[in-house]
Amino acid sequence: ASGSADGPQLAPAAPASVAVGEPLVVLTDVQKYFGDLHVLKDINLSVGRGEVVVVIGPSGSGKSTLCRSINRLETIESGSITIDGVPLPSEGKELAKLRSDVGMVFQQFNLFAHKTILENVTLGPIKVRKKGKAEANQRGMELLDRVGVGSQAQKYPAQLSGGQQQRVAIARALAMDPKVILFDEPTSALDPEMINEVLDVMIQLAEQGMTMIVVTHEMGFARTAANRVAFMAEGQILEEADPEQFFTNPSTARAKDFLSKIL
Ligand code: ADP
Ligand code: MG
């Protein structure tokens, strides 16, 4: 479905990689249970401003729960999660504000089926950020152009390919001017030929300094864009390493075993 006219039309890559700033997302001693199931076991993770951390690990290891906890879609039993120094609030206006600071892109694009592509991108800015419609539309179009789907603005999600829909989901997250974007297996539901058009947009975002936490098994993305890989298994972060080092010489047997199965 996507020809060159629909492909991402992004600025050229920044010449140098972005310097990692002060801690933006900080998880300290986080514990999370589902009933008796201990899903996050003493998680400590600090993500700096402008940093890209790839979270990798077997199915069921707690990667989605980690993302959902950071976005407060799940509550944690103990420990703390702070965004830009502010602890996660539990409810009300503060929570809405926090949610809008933390963008999220899911495996299933989760676009509103009965709204146009442009409306999908402008809804949050108008409702939550209280932007005027004209301003929201203008910015929405800029973002849709940036991810290569500007020509699709008046269509509905079902009329777009999966790769295009996921790029709309990224534009929708960007429209809220988030401090960090969480990506939970953003290419896992895509046909293989559409994976790169989404990864290319993500790589550009990384090069432009967006802080990103990305759950993915796409090694090419990790090697190109990640500052760090965090390997999760059974609710724990077992290893944090430079991508090159992680993929060529992981330090734990668990990671070696996992990599031997996916590579
Ligand atoms: P991953 O994303 O790494 O595959 P998840 O975070 O989805 O892992 O799940 C971690 C564990 O928590 C799994 O054992 C899963 O079955 C369980 N789990 C996830 N969500 C729920 C839930 N809402 N209720 C009960 N158990 C859950
Ligand atoms: Mg998951």
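Each reported figure results from applying straightforward, stated rules to the coordinates on display, with no laboratory input. If you're wondering where the values come from, they're calculated on a predicted model, not measured in any experiment. Methodologically, a virtual Cβ is constructed for each residue, glycine included, from the backbone with ideal geometry; neighbour enumeration extends over all protein chains shown.
Odds and ends about this structure:
- What the Cα convex hull of the range 150-263 gives, in volume per residue, is 124 Å³.
- With R₀ set to 35 Å, the beta-carbon distance separating Asp145 from Thr75 gives a calculated FRET efficiency near 0.35.
- Counting neighbouring Cβ atoms within 10 Å and putting the fewest first, the residues Asp36, Asp42 line up as Asp36, Asp42.
- Given charges at Cβ of Lys, Arg, Asp, Glu: the chain dipole, positive-most of Gln31, Ala253, Ala233: Gln31
- For Val55, residues with placed amide H under 5 Å, excluding near neighbours: Val214, Val215, Thr216, Ala230
- Highest-MSF residue in the chain out of Leu37, Leu123, Leu88 [GNM, Cα springs under 10 Å]: Leu37
- Debye intensity ratio in log₁₀ form over the Cα atoms of the range 55-115, taken at each q of 0.24, 0.26 Å⁻¹: -1.11, -1.19
- Extension gain, Lys155 to Gln208: 0.36 nm times the residue separation minus the Cα-Cα distance gives 16.3 nm.
- Linear extension gain, Leu123 paired with Asp177, 0.36 nm per residue minus alpha-carbon span: 18.1 nm
- Shape annotation for the chain: C-alpha extents along the principal axes are 50, 42, 35 Å, from largest to smallest.
- Helix runs (DSSP H) in the chain reaching 15 Å along axis by Cα, Kyte-Doolittle at least -0.5: 117-127, 162-175, 192-207
- More than 24 angstrom apart: percent of Cα pairs within the range 20-166: 45
- Relative pair counts by distance (%), Cα atoms of the range 89-142, 5 Å bins: 4, 18, 22, 25, 20, 9, 2
- Rounded Å value of the spacing that divides the Cα centres of the range 169-213 and the range 88-107: 18
- Between His114 and Asn44, the simple spin-label model (points 7 angstrom out along Cα→Cβ) gives 5.0 nm.
- Sum of -39500 (n - 2.57) over DSSP H runs of 4+, divided by residues of the chain (222 nm, nearest 500): -11000 deg cm²/dmol
- Alpha carbon centroid spacing (whole Å) that separates the range 70-87 from the range 232-259: 25
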